[in-house]
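The values are calculated or read from the model by the stated rules, or taken from the named source; none is laboratory data. Please read these numbers as outputs of a predicted model, since none were measured by experiment. Note: ideal-geometry Cβ built from the backbone for every residue, glycine included; neighbour counts use all protein chains shown.
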Amino acid sequence: MELEDGRIGRIELITSDKHLYLDRGLTIFYVVSGQVTFSYLGQAKSVKQGELFVQQSALEVEIMLAKAQLVMISLQADFTDIFNLNKLIISCASQDSKRVEYQHLVNLVQALIDYVSVDSANYQANIAYGKVIEIIQYLSANFSKQLLSKQLQIRDVIEYLRLNYNQALDLVEVAKHFGVSPQYLSKFFKAKHGNNFNQELTDIRLYNAARQLVNEDKGIIDVAYDSGFNSIATFNRAFKKHYQMTPANYRLSHQNKVSVVPVEQTKHSLVLLAAANKREVLTVNANDKQEPLVLPRQVYLDSNPTKQTLTLLAKLGIERVVVTIPPITNLDAFLYSFNQQIDPLLRAGYALVLAFATPSLNYLQEILRYFINLIGIENVAKWQVQIDLQAYQEIPKLNKILGEFKLDQGLVIAGRYRQLKALSAKLVPLKVMIKLYSVSGTKADTLAKVKSLKALGYQKLGVVLHGFFEANLKVLNDTEYLGVDLVAQILALQGKVDFIEAPKLYDDLQPKLVAGQMGLATSNGLLKAAYYALRLLNKVDPNLVYVDKKTIVTKDSVGNYNLTLLNQQPILNQQVLIDYQNYPEILATQTRKVTIRLRGLVNGQYRLKKRIVSRHTGNLIKVWGQLGFIQQHLTVSEGRYLAHKTLPDIFIKELAVADNTAVFELELAANELVSLHLIKLY
């Protein structure tokens, strides 16, 4: 496809091995799939999927694809000279892939490819032009150096000749540019390169002339002047000496050579590029039913519940609240203060998980009797008692006590993986509920631990979702990444655990938002992206239609559907402490493009609502500022965080279903969570 009728360049898909003659403008290769080998100037370079290979010199290149796909963006030299690229060396290769700037450049290139892949009816040249300029400017700012140095380098001189051969160059002009004398440059060039300066410049000009003779329809005199020769006689004499034939005969002898324009270019470029711009296709039958989705229905609370706390618990769909029972010295005093603490939870109807560090059998009985008298045995029977592994010897006695109070299934043993593994021979026969603490590591680590414990014989198993701490990843845990990661953990655990516990509701009492606390809200009431992520997930309907590691589809009783999709991407460099401005660039951002076909719908008119958790949709600081009560409690760091955070946004559109199928096309940014709600109108 030509960009502005070829004035600024072209973009094309390459699917087979090619022999290319590159111009001195700017050529950007993006490997869509597989691995591509570039051979040039006696060397070979391999470039993998998702990586770039950038060249700005007039160059002859062999490209070997081996079933790979490659997009080539070639920008005209007359266009790139406007941005003074002929005065710069652009250096961008796969070895730069760990740089934040490299990944952002990849994103810019992908955005251009994505845009020109759309239907031609929607294509606008000025938008594509703007994306090209953004790429050029970013390359110039982050991947270039001036072709002018106090320490003269032979490769810089040759690169300068390759980029400016069409100008009126001579030894004096180039020496002046590099700040040396003509005599010094002449000796330096011969010593470092072997060829003398004038002959190297002539060879570069002849190479470019040969490229134009093969690939372009220009007259021979135009080729001569465009290649930097000042007369046709000089050009003919130099060309015949180098190639042993006249320029006209050279053109005739190479008429059957592969041109810079691939065969595919004769077809519709947009269609070809769309093939490279692959999109997931997910087909779901709207009437399918699977096992119920296991969601986080309990959470740890280490502070007295306020009215806001109860609101958060309700919005998260929490059914059980884990509360700590401290060592008891005076039972009456404890019961009085504990009742005061949990009274709001009891009034709201929440079941409790009493987490004992050092359980006392007598005190447990007294506590249960006290609350049975207060709220009734039918309510206390919904409670659970959680003990640490250190007290596993007391399990038979505890089970007997719990049976008396109709808590037969109410004992939970909490521990870490190594402890549970070491004690499996003693715990497995007891058939108790096991809660695995998984406060660090990755999804893969958690899944491996769950599978291992299942293999050891543990049957009833729950997991506490982990968050991040400053100590392990040195990143902000309360960005979009944690929200999407929590949902990814939940989906990965489906069918493998009996219950899931959310990270604790609040951070520590000291507001350390930037330090990497794992709560869903700060101690002073600031809601984080992780909270909104679980809030969206809690809105799914009770009938599960489809679930995989990235998508949930559910159906309600009246025929409305909820689709939750996520695009989790890893942190690119775990050693970089993310600041608020460059967080999107730190991520290994890969846009998730997905087409969802929901089949088996009732024909009619529907409304589609879309909610997202993303940095693109709003500004929390304005919201909290309007509320007033929170702003005075914010730290400076929290204020900076809020200035770049967002609330879930909503977008509504109408659509008609005539063939019992609704089709949704989505593009999710890295670490974006989207909830679609399809409502039947009539």
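Of the residues making up the range 435-481, those that are part of a loop (DSSP other than H, G, I, E, B), of a type outside the set (S, T, N, Q) and either at pLDDT below 75 or in contact with a strand residue (DSSP E or B) (Cβ under 6 Å, 6 or more places away or on another chain) (or both) number 12. Among the residues of the range 495-504, is any modelled with pLDDT under 90, over 25 Å from the mean Cα position of the chain (by Cα) and closer than 28 Å to Gln308 by Cα? Yes, the range 495-504 contains at least one residue that is modelled with pLDDT under 90, over 25 Å from the mean Cα position of the chain (by Cα) and closer than 28 Å to Gln308 by Cα. With the structure loaded, tell me whether Asp507 is at pLDDT 55 or above, buried (at least 24 other Cβ atoms within 10 Å of the Cβ) and charged (D, E, K, R) or whether it fails that test. Yes: the conditions hold for Asp507. Across the range 219-255, the number of residues qualifying as closer than 18 Å to Leu161 by Cβ, part of a helix (DSSP H, G or I), within 50 Å of the chain's Cα centre (by Cα) and in contact (Cβ under 8 Å) with a residue 24 or more places away in the chain comes to 1. Residues that are under 12 Å from Glu672 (Cβ atoms) and part of a strand (DSSP E or B) were ranked within the range 595-617; the one that is modelled with the lowest pLDDT is Val613.
Selection within the range 78-126: residues that are of a type in the set (Asp, Glu) and out of contact with any Phe, Trp or Tyr (no Cβ under 8 Å at 6 or more places or on another chain). The member of this set that is modelled with the lowest pLDDT is Asp119. With respect to Gly349, determine if the residue is modelled with pLDDT of 90 or more, surrounded by 13 or more Cβ atoms within 10 Å (Cβ to Cβ), outside any strand (DSSP E or B) and on the phi > 0 side of the Ramachandran plot. In short, no.
Looking at the structure I just gave you, is Leu75 at pLDDT 85 or above, in contact with a strand residue (DSSP E or B) (Cβ under 7 Å, 6 or more places away or on another chain) and farther than 13 Å from Ile14 by Cα? When the stated conditions are applied, Leu75 passes them. Scanning the range 225-254 for residues that are among the hydrophobic types (A, V, I, L, M, F, W, C) and surrounded by 17 or more Cβ atoms within 10 Å (Cβ to Cβ) yields Phe229, Phe235, Ala238, Phe239.
Among the residues of the range 309-329 satisfying the criterion of being modelled with pLDDT of 90 or more, out of contact with any Phe, Trp or Tyr (no Cβ under 9 Å at 6 or more places or on another chain) and not aliphatic (A, V, I, L, M), which is farthest from Lys382 (Cα to Cα)? Across the range 309-329, the extreme among qualifying residues is Thr311. Determine whether Arg369 is out of contact with any Gly (no Cβ under 6 Å at 6 or more places or on another chain) and under 18 Å from Val497 (Cβ atoms). No, not satisfied.
Restricting attention to the range 33-52, the residues that are surrounded by 15 or more Cβ atoms within 10 Å (Cβ to Cβ) and either out of contact with any helix residue (DSSP H, G or I) (no Cβ under 9 Å at 6 or more places or on another chain) or more than 19 Å from Leu75 (Cα to Cα) (or both) total 8.
Inside the range 12-21, residues that are surrounded by fewer than 20 Cβ atoms within 10 Å (Cβ to Cβ) and either farther than 26 Å from Ile136 by Cβ or hydrophobic (A, V, I, L, M, F, W, C) (or both) make up a count of 4.
If only residues of the range 405-424 that are in a loop (DSSP other than H, G, I, E, B) and out of contact with any strand residue (DSSP E or B) (no Cβ under 9 Å at 6 or more places or on another chain) are counted, the one that is modelled with the lowest pLDDT is Asp408. Counting the residues of the range 14-44 that are in a strand (DSSP E or B), more than 27 Å from Arg155 (Cα to Cα) and over 25 Å from the mean Cα position of the chain (by Cα) gives 1.
Scanning the range 371-390 for residues that are surrounded by 15 or more Cβ atoms within 10 Å (Cβ to Cβ) and either of a type in the set (A, V, I, L, M) or part of a strand (DSSP E or B) (or both) turns up Ile372, Val380, Ala381, Gln384, Val385, Gln386, Ile387, Asp388, Leu389.
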